[in-house]
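Asks: My questions all concern the structure below.
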Amino acid sequence: MQTTVNSPHRNSLSGKALLLLVVTVFLNTMGMTIIGPVVPFLVRPYVHDQAALAAVIGWLTSTYAICQFLAAPVLGALSDRYGRRPLLLLCLLGSAIGYVLFGLGGALWVLFLGRIIDGLTGGNFSILFAYIADRTEPEERGVLYGRIGAISGIGFLLGPAIGGFAARWGYATPAYLAAGLSLSAMFWGLFMLPESLAPDRRTTEVHIRTLNPFAQVRQLLALPALRWLLVAGFCYGLPFASLQATFGVFIIHNLGWGPERIGFISVAVGGMDILVQGLLVGRLLPRLGEVSLAILGFAGVLSGYLLISAVAVVPSLLIVLAGVALFAGSGGLVEPALGSLFARAAGTRAQGAVQGGAQSVQSLAMIIGPLWGGWLYARFGSATPYWSSSIWIGLAILAVYLALPAIRANHSVETETAISMSNA
């Protein structure tokens, strides 16, 4: 049986803890993105044509996501029981090992093994979001998530640029740099990052059913507010995963670029994240609210996908930059808005479980999206994964509208009670 210990006390997020958290997010994000520009070039020796390259990258991405889908609820539930800090350190260590294997390569199965290890320990951001929720009040979280997103954007900005430049010394070099950054974040957290979840606010036991990702997601889907938020997150995540898996091949195929220029596009994504989440979210969120901000972001993301698809017809740097800027900037509105809505619906003692369940749904999108995008790319042409993404974003907008009644009714108490009772 999983139970919780009641405590009215909530520690505030001190300036020192916030600084330490920001550094951890920055190092972690830069490590994740530094290998992006070279993935097609690391995989290319093991395939024979562009279609096969897109398909294999899709499978690599999906393999990572399958492992993350299975592991995220386990990591979230264990962090509710044992605290955020030890689980976060474990995730960072696993990522470092995965990056080293991916850089070593030598055979396609070694690349897959690296992705498997990284995926099994890939609960970093759900734990970080739970960490923030432990130390903040509901009205503070959306703005803070936006600021954390801006720091993440700096990592996204610098990581691909460094990765593309480091590829001059071999395509494996960015993978080793990523491993070093993950280890740096781990040691930083080991010596500097305090625990956020006090012992009297932890679950006293973890039931085996809470470690089943399908059971946990099914449990969350039974709750009105979370059900449609999870659907919205899935519909947003699937085309994004498709883009992640195919974009490098898309740019190589249509513009003939190398890793440095691909890194430049990723820099543009990071730059928009910084501008939007660092400067706009804090101003727009109090005025519009989470729901309106999310819908505004979805509309921009949809337009960005359509612009990117046009590059297959008109190969143009300006169109690429416009599409990427619109996609990335609008995504910078969606992510903190959805993160804040999830935290609001979760209550005070189910943050790890709900954020872990949300990451499981994102991982499910990351499983299906790359396979879907790779298949569309190989079967119907390079533009198809992008223009077809508008359908998924339209469904995400519909899901947010369907979630409105339950969100307005504030089901956080229902969420907390239902999660606790269903594991009794």
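The values are calculated or read from the model by the stated rules, or taken from the named source; none is laboratory data. Values in this document were obtained by computation on a predicted structure and should not be read as measured data. Backbone-built Cβ (ideal geometry, glycine too); neighbour counts: all protein chains shown.
Asks: Only one of Gln277, Gln244 is surrounded by fewer than 21 Cβ atoms within 10 Å (Cβ to Cβ), touching a residue at least 60 places away in the same chain (Cβ under 8 Å), of a type in the set (S, T, N, Q) and within 30 Å of Arg344 (Cβ to Cβ); which?
Replies: Details: Gln277 fails: surrounded by fewer than 21 Cβ atoms within 10 Å (Cβ to Cβ).
The conditions single out Gln244.
Asks: Next question, about the same structure. Applying the selection to segment 247-263, what residues are touching a helix residue (DSSP H, G or I) at 6+ places or on another chain (Cβ under 7 Å) and either part of a helix (DSSP H, G or I) or buried (at least 21 other Cβ atoms within 10 Å of the Cβ) (or both)?
Replies: Matches in segment 247-263: Gly248, Val249, Ile251, Ile252, His253, Asn254, Pro259, Glu260, Ile262, Gly263.
Asks: Then there's this: Out of segment 66-108, which residues are in contact (Cβ under 8 Å) with a residue 40 or more places away in the chain, more than 20 Å from Glu195 (Cα to Cα) and not in a helix (DSSP H, G or I)?
Replies: Listed by number, the residues that qualify are Gly105, Ala107.
Asks: Cβ-Cβ under 9 Å, sequence separation 6+ or interchain: first residue in segment 383-395 and crowded, with 17+ Cβ neighbours inside 10 Å, partner not in a helix (DSSP H, G or I). Which pairs?
Replies: Matching pairs, first to second residue: Ala383/Val313.
Asks: Of the numbered conditions (1) more than 23 Å from Pro194 (Cα to Cα); (2) buried (at least 21 other Cβ atoms within 10 Å of the Cβ), Asp49 satisfies every one except a single condition; which is it?
Replies: Looking at each condition in turn, Asp49 falls short on (2).
Asks: Still on this structure: Would you say Val39 is among the β-branched types (Val, Ile, Thr) and more than 20 Å from the chain's Cα centre (by Cα)?
Replies: On the way: among the β-branched types (Val, Ile, Thr): yes; more than 20 Å from the chain's Cα centre (by Cα): no.
So Val39 fails the test.
Asks: Could you list, in sequence order, the residues of segment 135-169 that are over 20 Å from Ile265 (Cα atoms) and at pLDDT 80 or above?
Replies: Of segment 135-169, the ones over 20 Å from Ile265 (Cα atoms) are 135-148, 169.
Correct list: Trp169 only.
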